[in-house]
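Worksheet: one structure, shown below.
The values are calculated or read from the model by the stated rules, or taken from the named source; none is laboratory data. What you are looking at is a predicted structure, and each value in this text was computed from that prediction instead of being measured. Cβ sites come from the backbone with ideal geometry, for glycine too, and all protein chains shown count toward neighbours. These accessible areas exclude ligands, DNA and RNA; they are computed on the full protein's heavy atoms, side chains included. Shrake-Rupley method; radii C 1.70, N 1.55, O 1.52, S 1.80 Å.
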Amino acid sequence: MSERSEATGLPGSGLVKGLAVTLKTMTKRATTAQYPDVAPELPPRSRGVIALSEENCTVCMLCARECPDWCIYIDSHKEEVAVPGAARPRQRNVLDRFDIDFSLCMYCGICIEVCPFDALYWSPEFEYAEYDIKDLLHDKDHLGEWMATVPPPPAHDRNGEPAKEETAAARKAAVPAAPVDRPTAPAVRPERPTGDGEGASA
């Protein structure tokens, strides 16, 4: 008898265990997802399609620069905005083009993570297959339509650290308000004596 047979017990016990697992699986009823008739239950943080909130985009280009697939295309122009009370008008970037080519995107989520102004969001929608690969290039209007499907953010964990805004508000509420300084009446100064050594008459 070999060392392997001694370690496992009787010869062929591994084969018997394997067949037992097969028989156990065969007796169970198969569960088939009836898609597309029944919608699948997706996890809350599933990655479907990227949605764009155009009013939050400042054309900082961080998402396009950090994208490892270079599938984000952004164009913009500058406009002058007159600010009341300012010496000269200010300039702001206006978004002209924001396209994402989902035929190149690998759904890494880097663009969403690096966006400092919350302009990009994950949407759980995944049914956007096309017959032509060129139609997978979504423009800013198409990306904006996905915002309606973005789920609300999850509730804050009670056992977790409080948000920065909550901490700042609690700190302001804990500091007592400084007392208002009221103007006091000026002190009356004594009159100077005159040259003859006598004080001036009141």
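So here's what we get for this one:
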quantity: Selected residue (criterion: farthest from Y73 (Cα to Cα)) from residues of the range 135-153 that are hydrophobic (A, V, I, L, M, F, W, C) and not in a loop (DSSP other than H, G, I, E, B); calculated: A148
quantity: Hits in the range 20-36 - residues which are open to solvent by 100 Å² or more (accessible area, probe 1.4 Å) and not basic (K, R); calculated: L23, M26, T27, T31, Q34, Y35
quantity: Odd one out for H156, checked against (1) modelled with pLDDT of 90 or more; (2) more than 30 Å from I72 (Cβ to Cβ); calculated: (1)
quantity: Residues (free of Cβ contacts under 8 Å to residues at least 24 places away in the same chain and either touching a helix residue (DSSP H, G or I) at 6+ places or on another chain (Cβ under 8 Å) or exposed (fewer than 11 other Cβ atoms within 10 Å of the Cβ) (or both)) located in the range 128-144; calculated: A129, E130, Y131, D132, K134, D141
quantity: Count - residues of the range 37-70 that are modelled with pLDDT of 85 or more, under 30 Å from the mean Cα position of the chain (by Cα) and open to solvent by 90 Å² or more (accessible area, probe 1.4 Å); calculated: 6
quantity: Residue list for the range 140-149, restricted to those being among the acidic types (D, E) and either closer than 18 Å to I112 by Cβ or touching a Cys at 6+ places or on another chain (Cβ under 6 Å) (or both); calculated: E145
quantity: Entirely in the range 1-116, the helices (runs of 4 or more DSSP H) that have 2 or more residues that are in contact (Cβ under 8 Å) with a residue 40 or more places away in the chain; calculated: 62-66, 110-114
